[in-house]
Amino acid sequence: MIALLEARRAGLLTRRHWLPNLVSGLIVGIVALPLAMAFAIASGAKPEQGLYTAIIAGFLVSTFGGSRLQIAGPTGAFIVILAGINAKYGMAGLQAATLMAGVILLGLGLARMGTIIRFIPDPVIVGFTAGIGVIIWVGQWRDFFGLPAVGGEHFHEKLWALLQALPHLHGVTTALAALSLALVIVMPRLPGMKRVPGPLVALVVATVLQAAFHFDGVRTIGSAFGGIPQALPTLQLPQLAVSDLLTLIGPAFTIAMLGAIESLLSAVVADGMAGTRHDSNQELVGQGIANIVAPLFGGIAATGAIARTATNIRNGGTSPLAGMVHAATLVLIVLCLAPLAVNVPLAALAAILFVVAWNMSEAKHFVRMARRAPRADVVILLVTFGLTVFADLVVAVNIGVILATLHFLRRMATSVEVRQATEQELGQEFAHLGFVSLPPGVLVYTVEGPFFFGAVENFERALAGTHTDPSVLIIRLRWVPFMDITGLQTLDEVIRDLHQRRVRVMLVGANARVQAKLERAGVVDLIGAENSFARLDDALAVCRELAEHDPRMAHERRALLNETVEAVEAVEVTAPQDDRRA
């Protein structure tokens, strides 16, 4: 359900709820101001494009999203991807890819695939977010220290170039950045200042100092971008050929996947803080609409912002009204205060991004997971982190998910057990039928666990351990939750091989889903419907009748009886000798 309608039904849009949401929206809008500009600049866009994105996405996600508390806009997670796309395809290509990503997100939401995103393992998420944090941190060194522009296509090349340029740092720029960083960190810890946004204080102080003293060599929004227009954006359709759009499918898919992950993670965090419950499919729909509209008005990619969403909740936000007020606050700032942005030092924005990068990295959680998680999960974590930093985010996520999937399949396959059932295990069925033991020539094999392509080897190996062919082989499927096509084909091949060896096969205890698959795959027709049973005791009853009439089973029964008689006679012969010795 759309969160706005849910809030209305819950009575959260009534007049008595207006004030806390108005206050929260105002605070979140002020918090979003420096972050939106910083994220846009770090992504290779203009600062006003970050503000436009926060305004449009913030309003549309609050209106059409699936979380009543979600605050959307440009985020740090997108910096690495957007900067790369912008460098390769230009701003027009970036905006076209964002629009295409919006269509993908909208399709995922309408197809009700929001829950699939939840299956990405935690080591992969922690690994790539920590990697993004490192890239953002290093990427801001230039503006933080006032370094000259450096080259390098890959991370290690840029890092080495920045390290070589550090001796040439600009003193005043570094001092402003250090002051801004200190204000961002210290302000929330001062008594009575917890609700005052540290990034805003740092931005205002640094801007006032630059406006008052006009420090030479300090890069500002005015010197780098010419300021921020004191107007709202107009509609701009992307001008790209069809061939260009085809090349942007990969980047668009990357934006969509990362946007989906971040927005749903933010919604989960909001649920945990406020005790609400979001609609993941509707959230993707809202994110899709926002990313379709934002680039048409000069914006860039947007998703749910965890920090701003948490700020919204802490300051009393309870409904989508807070998100709408946050967008309106940014509109007023653009229309009334845009000229003041010319003196905003880029060093202050870099300091803000330093803190964002630290928060994104979740260093304590990363270290704790690396120390305490199972070895395979640690490998997945470190591989994803390393590939994110030194290769590519898309490659990192793909390989991380593949490794996690293979590890999961290996564990699932080893957990599947195929074994011969003992007569002690079958005691309940024996008691019901009055049996003392299995009918002669009958073996019962039990399969426990999912019968899929990773487990067929266990099944084949277990059956190969049968040294003599029985007359009847009962395969018990009671504890098989599902079967895939590989399992069905393997079962078909095994049954055909047993039939050639004149072994009758019975299938017992399959649940409704597995039974339907057996019928559809033709396995039931292969063994005959008379050999498919819902209960084991029914199959054993048929086996007892067969033992009485089937010549082969009767022969086995006579052989078993003879062996028993011989064993008794041997005991009787040796018993007197033992008595004499005594």
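The values are calculated or read from the model by the stated rules, or taken from the named source; none is laboratory data. Fair warning: this is a prediction, and the values are worked out from it, not measured in the lab. Here the Cβ is made from the backbone with ideal geometry for all residues, glycine too, and neighbour counts use every protein chain on show. Areas reflect the complete protein model, heavy atoms only, side chains present, ligands, DNA and RNA absent. Shrake-Rupley method; radii C 1.70, N 1.55, O 1.52, S 1.80 Å.
Every residue, every condition in (1) touching a His at 6+ places or on another chain (Cβ under 6 Å); (2) under 22 Å from residue 4 (Cα atoms), yes or no:
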| position | (1), (2) |
| --- | --- |
| 235 | no, no |
| 263 | no, yes |
| 267 | yes, yes |
| 288 | no, yes |
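Per the listing 195, 189, the residue uniquely loosely packed, with under 13 Cβ neighbours inside 10 Å and in contact (Cβ under 8 Å) with a residue 12 or more places away in the chain is 195. Look at residue 326 and say whether it is assigned to a helix (DSSP H, G or I), in contact with a strand residue (DSSP E or B) (Cβ under 9 Å, 6 or more places away or on another chain) and open to solvent by less than 50 Å² (accessible area, probe 1.4 Å). Yes; evaluated as a whole, the condition is true for this residue. Of the residues 294, 270, the single one that is within 20 Å of residue 45 (Cβ to Cβ) and open to solvent by less than 30 Å² (accessible area, probe 1.4 Å) is 294. Among the residues of the stretch 226-240, those identified as farther than 20 Å from residue 26 by Cβ and open to solvent by 70 Å² or more (accessible area, probe 1.4 Å) are 230, 234, 235, 236, 237, 239.
Among the residues of the stretch 304-312, is there at least one that is in contact (Cβ under 8 Å) with a residue 24 or more places away in the chain and either outside any helix (DSSP H, G or I) or at positive phi (or both)? Before the answer, list the steps.
Within the stretch 304-312, the subset in contact (Cβ under 8 Å) with a residue 24 or more places away in the chain is 304-312.
Restricting the remaining residues to those that are either outside any helix (DSSP H, G or I) or at positive phi (or both) gives 304-305.
Within the stretch 304-312, one or more residues are in contact (Cβ under 8 Å) with a residue 24 or more places away in the chain and either outside any helix (DSSP H, G or I) or at positive phi (or both).
On the basis of being over 25 Å from residue 20 (Cβ atoms) and either of a type in the set (Phe, Trp, Tyr) or buried (at least 24 other Cβ atoms within 10 Å of the Cβ) (or both), does residue 339 make the cut?
Values: over 25 Å from residue 20 (Cβ atoms): yes; either of a type in the set (Phe, Trp, Tyr) or buried (at least 24 other Cβ atoms within 10 Å of the Cβ) (or both): no.
No.
Among 86, 21, which is the only one that is without any contact (Cβ under 8 Å) to a residue 60 or more places away in the chain and touching a helix residue (DSSP H, G or I) at 6+ places or on another chain (Cβ under 9 Å)? Before you say what the answer is, go through the steps one by one.
Working: 21 fails: without any contact (Cβ under 8 Å) to a residue 60 or more places away in the chain.
Within the list 86, 21, the selection yields 86.
Here residue 246 does not fit the description of being surrounded by 13 or more Cβ atoms within 10 Å (Cβ to Cβ) and of a type outside the set (S, T, N, Q). Just to be sure, is residue 373 in contact with a helix residue (DSSP H, G or I) (Cβ under 6 Å, 6 or more places away or on another chain) and aliphatic (A, V, I, L, M)? Against the criterion (in contact with a helix residue (DSSP H, G or I) (Cβ under 6 Å, 6 or more places away or on another chain) and aliphatic (A, V, I, L, M)), residue 373 does not qualify.
I'm told residue 348 meets every condition in (1) open to solvent by less than 30 Å² (accessible area, probe 1.4 Å); (2) under 29 Å from the mean Cα position of the chain (by Cα) except one. Can you identify the failing condition by its number? Tallying (1) open to solvent by less than 30 Å² (accessible area, probe 1.4 Å); (2) under 29 Å from the mean Cα position of the chain (by Cα), residue 348 fails exactly one: (2). Selection of first residues in the stretch 227-243 that are at pLDDT below 95 and of second residues that are assigned to a loop (DSSP other than H, G, I, E, B), restricted to Cβ pairs under 7 Å at least 6 apart or on distinct chains, gives the following pairs, ordered by first then second residue: 233/298; 236/298.
Residues that are under 23 Å from the mean Cα position of the chain (by Cα), farther than 12 Å from residue 319 by Cα and aliphatic (A, V, I, L, M): list the helices (runs of 4 or more DSSP H) wholly contained in the stretch 1-104 that include at least 1 such residues.
Working: elements: 3-9, 18-42, 47-64.
Qualifying helices (runs of 4 or more DSSP H): 47-64.
Quick test for you: out of 132, 185, pick the one residue that is under 22 Å from residue 253 (Cβ atoms) and part of a helix (DSSP H, G or I).
Values: 185 fails: under 22 Å from residue 253 (Cβ atoms).
Matching residue, one of 132, 185: 132.
Of the residues 378, 401, only one is touching a Lys or Arg at 6+ places or on another chain (Cβ under 9 Å) and of a type outside the set (Phe, Trp, Tyr); which?
Numbers: 401 fails: touching a Lys or Arg at 6+ places or on another chain (Cβ under 9 Å).
Testing whether each residue is touching a Lys or Arg at 6+ places or on another chain (Cβ under 9 Å) and of a type outside the set (Phe, Trp, Tyr) leaves just 378.
The set of residues in the stretch 273-291 being within 19 Å of the chain's Cα centre (by Cα) and either in contact (Cβ under 8 Å) with a residue 12 or more places away in the chain or crowded, with 24+ Cβ neighbours inside 10 Å (or both) consists of 278, 279, 280, 281, 282, 283, 284, 285, 286, 287, 288. Only residues that are under 33 Å from the mean Cα position of the chain (by Cα) and in contact (Cβ under 8 Å) with a residue 40 or more places away in the chain were counted across the stretch 148-175, and they come to 3.
Does residue 85 meet the test of being open to solvent by 40 Å² or more (accessible area, probe 1.4 Å) and among the β-branched types (Val, Ile, Thr)? Talk me through it step by step, then tell me what you get.
Numbers: open to solvent by 40 Å² or more (accessible area, probe 1.4 Å): no; among the β-branched types (Val, Ile, Thr): yes.
It is false that residue 85 is open to solvent by 40 Å² or more (accessible area, probe 1.4 Å) and among the β-branched types (Val, Ile, Thr).
No other residue among 530, 519, 448 is among the charged types (D, E, K, R), under 16 Å from residue 417 (Cβ atoms) and at pLDDT 85 or above apart from 448.
Does at least one position in the stretch 534-544 carry a residue that is among the β-branched types (Val, Ile, Thr), open to solvent by less than 50 Å² (accessible area, probe 1.4 Å) and in contact (Cβ under 8 Å) with a residue 40 or more places away in the chain? There is no residue in the stretch 534-544 that is among the β-branched types (Val, Ile, Thr), open to solvent by less than 50 Å² (accessible area, probe 1.4 Å) and in contact (Cβ under 8 Å) with a residue 40 or more places away in the chain.
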